[in-house]
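Okay, so here's the structure we're looking at.
The values are calculated or read from the model by the stated rules, or taken from the named source; none is laboratory data. Remember, predicted model here, so these are calculated numbers, not experimental data. Here the Cβ positions follow ideal geometry from the backbone for every residue, glycine too, while neighbour counts run over all protein chains shown. When the accessible area is computed, the model is the full protein with side chains, heavy atoms only, and any ligands, DNA or RNA have been set aside. Shrake-Rupley method; radii C 1.70, N 1.55, O 1.52, S 1.80 Å.
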Amino acid sequence: MNVTYPVDVARALARELGDAAPPQLERLVEVLFFASLLREEGHDLTFNVVYPGVFDPTHPTPDRVHGWEPWDVVDFETPDEFTSEKVAKYAPLAQGDDEYLIVHCATDQLLITGVGHKKMGWPGDKLLTVRVVGAGALRFFYRSGEIASYAGGKNEPLVSWHSMYSEPAINDIVEAMDNMSEVVDDKRALASAALKMLISDVVRRRHGGIIAILNKDDATLRRIFDASKLKAPLNFGKMVASRWETSIVEGRRMDPSDDEIADAQNAAAECDRALSVIGRMSAVDGAVIATPELAIVGFRAKLPAPDSTPLVMRVNADGRREIFDLKLKGTRHRSAACFVAQSPRRIALIASADGPAAAIFQDADGYVVYHPVRDSYDAFGV
């Protein structure tokens, strides 16, 4: 992890977002960073910002879903200049989890145009949002998922997720998701999003950990694992599917009912709570065990690790593969690779305390593949 400046974070965000990157990102990050160092009435500032991009006087609201506004917005008659001092003054308006200052870019000048309350989260959300969580500490979100964090002059590399769309390892999860939702059409996208949520939360906690996902033939194995078993499974996969379903149902309505809005909010909150529990479980020595339905059945699991280590192929930043010497890694990586090698369609999501994270699985040819989803040391990171 390298010491960086706000401009480095902005450039990394621009690379990650590509064509979706809004203008004046460097200015946005710089102002928010210095605003976070200010104090109001003796207190550190915590607040949220949503940045839709270019200012449109006819529609200065953050976003639309089929003509319906998923935000409650209060627009200022005269937008205010976007400076650290101004942001600090407006911060009390945007301190709740779903409350945001709205910032637009007009003729290369950033402006505070109003405040908004986000009534729902939905998979199509293409807004860049920033949470200022303390002095010098910022977290960045896009498409409702966290893509980077910055604290104390250190930039956490972005999670560049390998979707595994064509890999047989994900097939059991996709099949399970197919039984969970009739509303979500793209089950592979749903499965991929759920996996990304799991590994991202482990990465965010900076302690390292393994989430070992069984295949559908491992029904007996889940009962004999040497692990702390849960009395009832924590049905994370079902919660993710419900979150997408309720968001899609709500988003399709021109005028969603109070019940539909409440369902979407409750489903998102339930999913977030479950994800937090799983992340904390991953901090305990051993692996978190999940079924193909992504139901968590235990943690502190000791993965069986034979004396011989399987051949592992590492995917490089350019897509090429090369033999990966697991001697460069610790026991956690070797046991994860052995777990995957023992049976097809298993997946190990693994993160190290020092930064890198990967998905380990068997490909269509039976090779064990180590695919970085975040790597501090090469082009997968910042």
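A cut-off under 12 angstrom between Cβ atoms defines the neighbours of Arg345, and their net charge, with Lys, Arg +1 and Asp, Glu -1, is -4. Listed by chain and number, the lysines whose C-alpha is less than 17 Å from the C-alpha of Lys302, apart from same-chain residues fewer than 8 away, are Lys229. Residues Thr78, Thr113, Thr246 ordered from highest to lowest accessible area at a 1.4 Å probe: Thr78, Thr246, Thr113. With the simple spin-label model, which puts each label point 7 Å out from Cα in the Cβ direction, the Asp19 to Leu311 separation comes to 4.0 nm. To the nearest 10, the accessible area of Ser308 is 80 Å² with a 1.4 Å probe. Here the gap between Thr83 and Thr46, fully extended at 0.36 nm per residue and compared with their Cα-Cα distance, gives a gain of 11.7 nm. Solvent exposure of segment 257-360, expressed per residue, is 46 Å² of accessible area, with all protein chains present and a 1.4 angstrom probe. Here the extension length gained between Lys216 and Ser166 equals 16.2 nm, from 0.36 nm per residue of separation less the Cα-Cα distance. Between Phe34 and Ser343, the modelled labels are 5.8 nm apart [label points 7 Å from Cα along Cα→Cβ]. Once all protein chains are placed together, His43 keeps about 120 Å² accessible to a 1.4 angstrom probe. At an R0 of 22 angstrom, the distance between the Cβ atoms of Arg206 and Asp97 translates into a FRET efficiency of 0.50. Please give the net charge around Pro292, taking every other residue with its beta carbon less than 10 angstrom from that of Pro292, where Lys and Arg add +1 and Asp and Glu add -1. Local charge sum for Pro292: -2.
With K and R counted +1 and D and E -1, the other residues having a Cβ less than 9 Å from that of Asp98 yield a net charge of 0.
Extension gain for the segment Ile261 to Ala283, taken as residue separation times 0.36 nm less the Cα-Cα distance, is 4.5 nm to one decimal. Accessible-area rank, largest first, for Trp71, Trp244: Trp244, Trp71, with all protein chains present and a 1.4 angstrom probe. Rounded to the nearest 0.05, what FRET efficiency do Tyr367 and Ala189 have when you use their Cβ-Cβ distance and R0 = 22 Å? Result of the calculation: an efficiency of 0.30. Beyond 24 Å in Cα-Cα separation lie the following of the pairs Lys196/Lys329; Lys126/Lys187; Lys118/Lys231; Lys89/Lys118: Lys118/Lys231.
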